[in-house]
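Structure, as structure tokens:
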Amino acid sequence: MKKDSSDKPKIYLGTDHAGYELKEKVKVWLKEWNYEVKDFGTNSTESCDYPDFIFPVARAVAKDQGSRGVIFGGSGQAEAM
């Protein structure tokens, strides 16, 4: 059963290569529950730098009141800063 999206925040996603597979699973789940999702990448497990994908999520959430951001990574330490 899908939930109504009218009362749900927009969700922004971002990750480096280490969190790619988990991000993709979470994205599917969010869409199944009718959340509006914007994915800032990365789009593969190829090695990349987390700031390229984490900072756009932070900027989007800062500009979009009521939205949420979920970031993924290998350790979560650097992304949390």
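The values are calculated or read from the model by the stated rules, or taken from the named source; none is laboratory data. Here the structure is a predicted model, which is why all the values come from computation and not from measurement. In this analysis, Cβ positions are derived from the backbone assuming ideal geometry, glycine residues included, and neighbour counts consider all displayed protein chains. Areas reflect the complete protein model, heavy atoms only, side chains present, ligands, DNA and RNA absent. Shrake-Rupley method; radii C 1.70, N 1.55, O 1.52, S 1.80 Å.
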Could you please find all residues in the stretch 44-78 being touching a Ser or Thr at 6+ places or on another chain (Cβ under 9 Å) and farther than 18 Å from Glu24 by Cα?
Ala60, Val61
For the stretch 24-72, which residues satisfy the criterion of being in contact with a helix residue (DSSP H, G or I) (Cβ under 9 Å, 6 or more places away or on another chain), within 28 Å of Asp7 (Cβ to Cβ) and not aromatic (Phe, Trp, Tyr)?
Glu36, Val37, Lys38, Asp39, Gly41, Ile54, Ser67, Arg68, Gly69, Val70, Ile71
Run Glu79 past the list (1) at pLDDT 90 or above; (2) open to solvent by less than 30 Å² (accessible area, probe 1.4 Å) and report the number of the one that doesn't hold.
(1)
Considering the stretch 4-14, residues that are among the hydroxyl-bearing types (Ser, Thr, Tyr) and in a loop (DSSP other than H, G, I, E, B), and then whichever is surrounded by the most Cβ atoms within 10 Å (Cβ to Cβ), we arrive at Ser5
For the stretch 15-37, give me each residue that is more than 14 Å from Ser75 (Cα to Cα), open to solvent by 60 Å² or more (accessible area, probe 1.4 Å) and outside any loop (DSSP other than H, G, I, E, B).
Glu21, Lys25, Val28, Trp29, Lys31, Glu32
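Which residues, taken from the stretch 56-72, are of a type outside the set (D, E, K, R) and either without any contact (Cβ under 8 Å) to a residue 40 or more places away in the chain or not in a helix (DSSP H, G or I) (or both)?
Ala58, Ala62, Gln65, Gly66, Ser67, Gly69, Val70, Ile71, Phe72
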Filter result (of a type in the set (A, V, I, L, M, F, W, C) and either modelled with pLDDT under 95 or surrounded by fewer than 16 Cβ atoms within 10 Å (Cβ to Cβ) (or both)) within the stretch 38-52:
Cys48
Test result for Arg59, open to solvent by 90 Å² or more (accessible area, probe 1.4 Å) and either under 11 Å from the mean Cα position of the chain (by Cα) or of a type in the set (A, V, I, L, M) (or both):
no
